[in-house]
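Data first, discussion second: the structure below is written as structure tokens.
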Amino acid sequence: ENMATAVALARDEVTGRLAEEMRWLCWNASWHAANSRTGYSKDAARDLSGFKAHYRGMVQAPYFGVNLGGWLLLERWQCDALFADFTAEEVPDEYSLSQRLGPAAAAEKINAWRESWITRDDIVSIKAKGFNSVRVPFGWWTVDGVEDEPGIDTGLFVCRGMRHVDNLVAWAEELGLSVVLDLHSGVGFQSGHHATGRDNPSWKPSDWDTSATVRVLSVVAERYKDAPCVTGLCVINEPSNDVPSDQLIAFYRSAYKAVRAAGMPEGRVDVLFPAFQRNFGEFTSRSFPDAGMERAVMDLHQYQCFGDSWTALTLKQHLDRASDGAGHWPGMVDVASAGVLCAVSEWSLRLPDWDPSYGMAAEWSKMSEEQRSAALREYGKRQVAQYEAGVGFFFWCWKVDTPQEPWWSAVECIERGWLDAADWVKRV
């Protein structure tokens, strides 16, 4: 009897979601046709983007997920215990940690971290807190088999990591979560930023071996092509805007072909392409994404705490931007208005309050803890509502080993009442 009731409830839930998606499909199709006939091309493109999103929603719920950061690609700021023996000047990243420890000690220490940082208990908790998906950042050196590829040298990076991903995929399948794999660092590195695993001020665009990076993606796609819960693969993370647009888009096209050729099906797997710190016109002027690229999704990162344009804002202005998405480069409105699918793969609740000269700092310093919590609650709620225009979001990140940075931890944000799954579970 209990099983029959559960099945009936699940059937009603699915039927209701499909009916809602169909309603919006008809709405967007009607307005697209009307706006096209009357010459409102921008509105017509936005309607087309909505149609695509709801068509996708017929077969898959939007992503409401978290990033498993600090696990398969180490960033010092969120892994305090792992880097505690060295100063930031001595060891700023995973590359220098491996170099400083040496192959044997690095393998022992980093593997022990990976074994304990994300476990099945974390995935159970992610599900219980109302999320339906995880994004898994990893470096190219963690992929088993790439060391045998011509021209690829893993160098001082010593730890393979795909057995951890294998475990994660099994847990996600068991618990009903979807997985987006994220190649967070490409061969030669796509920037000199520490988030690639190597902080390198001397980096230049020619260092990035895009051909070798495509081969890594092929290995990953081949490995997980038959995993039902793997519904997305992001081809790279935050490529430097010093990389020429023609080079970047040529890589994206090669990556898409490689992922599909390796067997990741169009009907199940999104292929995500970062639009990071670029005018979206750089993509549309080159007709990217190409016609015929099924489930091509532009990958956006929407933080409101980095750079002068954000640090100058008052608290009210930050809340307004959380609602309308203005100020990002590019923002969801830029992508949706071009009729292209998009997801916000990174966002947080961090606000720029730490410098007295910043626009919101004086007001923030005079607020009570209760008032600050209410502001952060509103900030998170508005961002979640904004992201309904895309195919989902991934909060950065699930947890951090940095107690002084709770705004980056979904665990902390939920426990403190700043995030509430009620804002998104209604759409799962």
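Against the list (1) in contact with a helix residue (DSSP H, G or I) (Cβ under 8 Å, 6 or more places away or on another chain); (2) open to solvent by less than 10 Å² (accessible area, probe 1.4 Å); (3) free of Cβ contacts under 8 Å to residues at least 60 places away in the same chain, the condition residue 286 fails is (2). Selection of helices (runs of 4 or more DSSP H) fully inside segment 315-428 by the criterion of at least 2 residues being touching a Cys at 6+ places or on another chain (Cβ under 7 Å), at pLDDT below 95 and under 21 Å from residue 64 (Cα atoms) returns 332-336.
Could you please let me know if residue 379 is in the same structural domain as residue 317 (by the TED database), surrounded by 19 or more Cβ atoms within 10 Å (Cβ to Cβ) and more than 16 Å from the chain's Cα centre (by Cα)? Yes: the conditions hold for residue 379. Apart from one condition, residue 200 fits all of (1) modelled with pLDDT of 95 or more; (2) open to solvent by less than 10 Å² (accessible area, probe 1.4 Å); the exception is (2). Does residue 109 fit the bill of being within 13 Å of residue 398 (Cβ to Cβ), of a type in the set (D, E, K, R), in a helix (DSSP H, G or I) and open to solvent by 10 Å² or more (accessible area, probe 1.4 Å)? Taking the combined requirement at face value, the residue does not satisfy it. Residues that are closer than 12 Å to residue 164 by Cα and assigned to a helix (DSSP H, G or I) within segment 112-142 comprise 112, 113, 114, 115, 116, 117, 120, 142, listed in sequence order. Within segment 203-249, the only residue that satisfies the criterion of being charged (D, E, K, R) and open to solvent by less than 40 Å² (accessible area, probe 1.4 Å) is 238. The sole residue among 258, 291 that is out of contact with any helix residue (DSSP H, G or I) (no Cβ under 9 Å at 6 or more places or on another chain), in the same structural domain as residue 195 (by the TED database) and either of a type in the set (S, T, N, Q) or outside any strand (DSSP E or B) (or both) is 291.
Only one entry in 186, 197 is at positive phi and either touching a residue at least 40 places away in the same chain (Cβ under 8 Å) or not small (Gly, Ala, Ser) (or both), namely 197. Within the set 359, 327, 307, 339, the sole residue that is free of Cβ contacts under 8 Å to residues at least 12 places away in the same chain and more than 17 Å from the chain's Cα centre (by Cα) turns out to be 307. Check off (1) crowded, with 18+ Cβ neighbours inside 10 Å; (2) over 19 Å from the mean Cα position of the chain (by Cα) for residue 409 and give me the number that stays unchecked. So residue 409 meets the others, but not (2). Residues of segment 220-235 that are under 27 Å from residue 275 (Cβ atoms), free of Cβ contacts under 8 Å to residues at least 60 places away in the same chain and in a loop (DSSP other than H, G, I, E, B): 225, 227, 235.
The values are calculated or read from the model by the stated rules, or taken from the named source; none is laboratory data. Values in this document were obtained by computation on a predicted structure and should not be read as measured data. Because the Cβ atoms are built from the backbone with ideal geometry, glycine has one as well, and the counts that use them run over all protein chains shown. Areas reflect the complete protein model, heavy atoms only, side chains present, ligands, DNA and RNA absent. Shrake-Rupley method; radii C 1.70, N 1.55, O 1.52, S 1.80 Å.
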